[in-house]
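**Student:** Take this structure first; my questions come after.
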Amino acid sequence: MVYIAVMGHGVVGSGVVEVLQTNHQGITGRAKEDIRVKYILDLREFPDLPYANLFTKNFDDIVNDPEVKVVVETMGGLHPAYEYVKACLEAGKSVATSNKELVACKGAELLKIAQERNVNFLFEASVGGGIPILRPMSQCLAANDIYEIVGILNGTTNFILTKMIREQMSFADALAMAQKLGYAERDPSADIEGADACRKICILASLAFGKHVYPEQVKTEGITAITLPDVEYAHSDNRVIKLIGRAKILDGGHIFAAVYPALISRDNQLSSVDDVFNAVMVRGNAIGDVIFYGRGAGKLPTASAVVADVIDCVKHLQARKYLYWEDGEEGYVSDPLEDNVRLYVRGEADDKAAATAEIRQVFGDVHMLSRAGEGEKELAFLTPLSTERTLRQELGGMQHLQAASILHVLD
């Protein structure tokens, strides 16, 4: 018998306990051990639950109990999750977590401690919820040099954009619907401002390229400025707007990493990923493009990924699974403004003819867009390929056009 502890009895934590109990027989068979929850750490009271006797408010009960071999962390946030997980690893206990903020900010340090203590620190559920992505990348695609990862990494923003695209719903109304349906938190800022997707691309990039990428190194834009005219202009060019997380290896070993809303062609496989679904495209030099698709969140899908990590930890109590990356270094992540991009620009001009002439003079081969109901002063176009820094400098120097929206174009 192997005893585990669960820290945090929220949506995911309670789901972990539920999956362990509901699927106990099958899990025991796959793990070759009888896995039992000995403690559940939470400050709240749950007197009506059949396992109410397992609750504790004292972390020391877990970290000081030699019978507890694996600890599940589903508390969320950075503190005290970081301190608790670090203490568990240092005490020789393996840890499975769904906490993307913890892994994105402290992953290199915690992986190093796990290596030194010969225990495991696993976090499959931190990126795609129930979508298997980290284990396939580290094992099934191990023969590849992965050179790019691009994906739709946040279900809340994808739901909002889907409503704007399909039903011409305003951003505010789509957000309100997402909150009503439970897809968005009361404070949705981590989703709509891109922080959630940023943490996920940090984890994916760190695993793919072997050095830690920190959230503060990733240029991050959310979707709060997207308007229905932007959606309509994209539609007129057979494109849709999606919030994209992207990381790629550059010449010289540096990496590019960013999160931003982008216009993508309907020919791109990511364009048809709608509602709360996520999709991650991994590009390897041997396999080509591989896509991982599914619900990126939810109680039981996420809990299933956590429990899979628990089983892995139990099967490797006397050994480590190789999941590791080095700490990052200064200058490892490139300046995103040096990336070659095309931009979508929507703006206003008192003299549209003069503005159009200036646009063609400054940018040369532009692709002008139009939409039904276009305002008298409204202009929209796609720039040619250049560095983002150059394009933004040129836009900033224009005399006849006042840019209102600037988005990336993902070809």
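The values are calculated or read from the model by the stated rules, or taken from the named source; none is laboratory data. The structure displayed is predicted, hence computed values, not measured ones. Because the Cβ atoms are built from the backbone with ideal geometry, glycine has one as well, and the counts that use them run over all protein chains shown. Only protein heavy atoms, including side chains, enter the accessible area calculation; ligands, DNA and RNA are left aside. Shrake-Rupley method; radii C 1.70, N 1.55, O 1.52, S 1.80 Å.
**Student:** Quick one: which of 163/219; 38/315; 112/219; 200/315 span more than 22 angstrom between C-alpha atoms?
**Tutor:** From the list (163/219; 38/315; 112/219; 200/315), the Cα-Cα distance tops 22 Å for 163/219; 112/219; 200/315.
**Student:** For region 290-411, what is the accessible area per residue in Å² when the probe is 1.4 Å?
**Tutor:** Result: 50 Å² of accessible area for each residue.
**Student:** Label points 7 Å out from Cα along the Cβ direction at residue 350 and residue 177: separation in nm?
**Tutor:** 4.0 nm
**Student:** Pull up the DSSP beta bridges for the chain and report the antiparallel fraction as a percent, rounded to 5.
**Tutor:** Of all bridge pairs located within the chain, approximately 65 percent are antiparallel.
**Student:** Give me the percent of accessible area attributable to carbon and sulfur for the chain, probe 1.4 angstrom.
**Tutor:** 48 percent
**Student:** Here is a follow-up. Rounded, prolate or oblate: which fits region 167-280 when a ≥ b ≥ c are the square roots of the eigenvalues of the alpha-carbon gyration tensor, with rounded for a/c under 1.5 and prolate only if a/b beats b/c?
**Tutor:** It comes out oblate by the Cα gyration axes.
**Student:** What order do 212, 79 take when sorted by accessible area (1.4 Å probe), most exposed first?
**Tutor:** The most accessible residue leads, giving 79, 212.
**Student:** Is any residue of region 204-237 close enough, with backbone N under 19 Å, to a label point placed 7 angstrom from the Cα of residue 366 along the Cα-Cβ axis, and if so, which?
**Tutor:** Of the residues in region 204-237, 229-237 have backbone N under 19 Å from the label point off residue 366.
**Student:** Here is a further query. Sum -39500 (n - 2.57) across every DSSP H segment of at least 4 residues in the chain, then divide by the residue count to get the 222 nm mean residue ellipticity, nearest 500.
**Tutor:** Counting only the DSSP helices, I get -10500 deg cm²/dmol.
**Student:** Now for a separate question. Take the Cα coordinates of region 40-150, assign each an equal point scatterer, and use the Debye formula without solvent to give log10 I(q)/I(0) at q = 0.14, 0.23 Å⁻¹.
**Tutor:** -0.65, -1.33
**Student:** Spin-label point model (7 Å from Cα, Cβ direction): what's the residue 390 to residue 402 distance in nm?
**Tutor:** Between residue 390 and residue 402, the label points sit 2.9 nm apart.
**Student:** Scanning the chain for helices, which whole DSSP H stretches are 15 Å or more long along the axis (Cα) and average 1.0 or more by Kyte-Doolittle?
**Tutor:** What comes out of the filter, once short or polar helices are dropped, is 11-22, 195-209.
**Student:** Among residues other than residue 410 whose Cβ falls under 10 Å from its Cβ, what is the net charge (Lys/Arg +1, Asp/Glu -1)?
**Tutor:** Residues near residue 410 contribute +3 overall.
**Student:** Let me ask something else about it. What do you get for GluC sites (Glu not before Pro) in region 1-69 restricted to DSSP loop and a cutoff of at most 16 other Cβ within 10 Å of the site's Cβ?
**Tutor:** In loop regions of region 1-69 (DSSP not H, G, I, E or B), the sparsely surrounded GluC sites (Glu not before Pro) are 33, 45, 67.
**Student:** Follow-up. Compute the FRET efficiency between residue 65 and residue 330 as 1/(1 + (r/R0)^6), taking r as their Cβ-Cβ distance and R0 = 60 Å, and round to the nearest 0.05.
**Tutor:** 0.90
**Student:** Quick one: net charge around residue 49, please, counting Lys, Arg +1 and Asp, Glu -1 for every other residue with C-beta under 12 Å from its C-beta.
**Tutor:** Local net charge: -3.
**Student:** Leaving out ligands, DNA and RNA but keeping every protein chain, what accessible area does residue 367 have, in Å² rounded to the nearest 10, with a 1.4 Å probe?
**Tutor:** Accessible area, nearest 10 Å²: 80 Å².
**Student:** Please work out whether region 263-411 counts as rounded, prolate or oblate from its C-alpha gyration tensor, where a ≥ b ≥ c are the square roots of the eigenvalues and a/c under 1.5 means rounded, while otherwise a/b larger than b/c means prolate and anything else oblate?
**Tutor:** Prolate shape, in that a/c is at least 1.5 and a/b is the bigger ratio.
**Student:** Contact order normalised by length for region 151-239, with contacts defined as Cα pairs under 8 Å and 6 or more residues apart; what percent is it?
**Tutor:** Result for region 151-239 is 30 percent.
**Student:** Got a number for the accessible area of residue 363? Probe 1.4 Å, square angstrom, nearest 10.
**Tutor:** For residue 363, the solvent-accessible surface is approximately 20 Å².
**Student:** Additional query: Rank these residues by their accessible area, most exposed first, probe 1.4 Å: 37, 307.
**Tutor:** If we order 37, 307 from most to least accessible, we get 37, 307.
**Student:** Ok, one more. Testing the spin-label approximation: label points 7 Å from Cα along Cα→Cβ at residue 340 and residue 115. State their distance in nm.
**Tutor:** A separation of 3.5 nm, rounded to one decimal place.
**Student:** Specify whether the C-alpha gyration tensor of region 31-104 places it in the rounded, prolate or oblate class, a ≥ b ≥ c being the square roots of the eigenvalues: rounded for a/c under 1.5, otherwise prolate if a/b is larger than b/c and oblate if not.
**Tutor:** oblate
**Student:** Read through the labelled values [x] 54; [y] 49; [z] 45 and report the label of the one computed as percent of Cα pairs over 27 Å apart from the structure.
**Tutor:** Checking each listed value against the structure points to [x].
**Student:** Could you put 34, 196, 48, 145 in order of accessible surface area, largest first, with the 1.4 Å probe and the full protein assembly present?
**Tutor:** Ranking 34, 196, 48, 145 by accessible area, largest first, yields 48, 145, 34, 196.
**Student:** Can you tell me the length gained on complete extension of the stretch residue 287 to residue 216, counting 0.36 nm per residue apart and subtracting the Cα distance?
**Tutor:** 22.4 nm
**Student:** Which value, in Å² and to the nearest 10, is the accessible area of residue 350 when all protein chains are kept and the probe is 1.4 Å?
**Tutor:** 140 Å²
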